[in-house]
Every structure is written in structure tokens, then in C-alpha cells.
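Remarks on the structure that follows.
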Amino acid sequence: MKKAESRWNRGQLWTLTPAASPKQFPPGDFLGGEFSKKRKVKTKMKLETILKASLNSMIHGHHAPHCYSAHVVGQGYVNRGELVEQRADYLRQLERSAQSEIDNMGYATEYAEPGYDKPAKGIVFANWNCFPRGLDTILEKAGYSVEWSDEWTTCDCGKAFRLSADSYCWEPAYKEVGGELMCLDCAKCEEE
């Protein structure tokens, strides 16, 4: 018999037993199981487990992705999985897209950008449109910072910096040195 897992849901910890049907899900939950409330207990779920659970919840129809449309030949990205005859193709494409985002997810240990606190477990970068709404909150409660992959990148030192402005007064926390983008600390060391 498998060991029971735990996770946070809206600030409360749910204990999950492995032999549960998907119909036992509370609204907004990513994992199935029989639930008993416990308070002030921290979870220790791995990032991989959280992402896999969110992918499975979408494929099994428990949650919809944040913003995703599948491709239909000759029509473009118009399939939202609403028509029965298109549902299987939609789910296949959604699974491939979400799995690709998981496989290619970026990671950084901390921010090189000023004004950001160091996250407990690191920063993860992806196109979050392929995942269910609320996954960012779950990851943040697990100790990760969540950023969009098209707005951030990492330096060779493992720190993250923003590539696009988020406000009028934003200034880049990186420099281009020899055709490569580096955080200001690494660029300073490279120039010396």
C-alpha cells in the first residue's frame, strides 16, 4: 500500500490517501483522496509531484488550463475541447504542450533583479497558460517563485533577471558581454 501524501489547499493541509476516486476532489484541488483537515503542518511535496498532479487533473477533466487552444488543421488554434468529436485531440495536444513546458521548465536559485526576495526553494519559469489556474499559488506555498519564461532568463551563475520591463522606471539588471547576457555582478567580474 502506498504512503499517504499531503498538500496545501487554500491555507489548509489535506491528507490524501492513495485509494481514492476523482469524485472525492474538493473544488479547486489537484489531487484526489479522502480528506481530513489538519492545521499548522507543513507539506514537503516535490515540484515534480505538483506539476504531474496538475497535468493529470487537466487530462482527466477536473481542471481547465489557464488559457489554451489546440490546433485544428486549416482553421488554426481554435479547438478549446468543447466539441465531443474534438475533445480527444484537444486533450492529446494539451498533454503534449504541458509536458513540454514541464520538461523545458527554467529554474534559478535567486533573483539578480533588485527588489525581489530570495525564494525558499528557487524560481521556476514556464508558459503558465498550459496549466490550471491556481497552480502558481500552490507552487508559491511550496516555496517557489513563479515567473513567465518569455520575460525572464538566467545568468551562468544561476541568478534570474528580467528581459522585459514591468514598469516605467525599470532598468535592466543585466549587460551584454561578448554576445552573452549576464547579470550585473557577473558582467562586472568579466570586465575586470
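Computed over neighbours whose Cβ is under 15 Å from that of Glu192, the net charge equals -1, Lys and Arg +1, Asp and Glu -1. Of the residues Cys67, Cys169, the one with the fewest other Cβ atoms within 10 Å heads the list, and the complete ranking is Cys169, Cys67. Charged neighbours of Trp128, selected by a Cβ distance under 10 Å, balance to -2 (K, R count +1; D, E count -1).
Per-residue Cβ neighbour counts within 10 Å put Trp170, Trp152 in the sequence Trp170, Trp152, beginning with the fewest. Counting beta carbons within 10 Å around each of Arg87, Arg96, Arg162 and listing the fewest first gives the order Arg96, Arg87, Arg162. About the centre of its Cα atoms, the stretch 45-191 shows a dipole size close to 660 debye [charges on the beta carbon of Lys, Arg (+1) and Asp, Glu (-1) only; nearest 20 debye].
Read-outs: derived from the displayed coordinates by stated rules, not from any lab. Predicted, not measured: the structure shown is a model, and the values here were computed from it. So basically every Cβ, Gly included, is an ideal-geometry build from the backbone, and we count neighbours across all protein chains shown.
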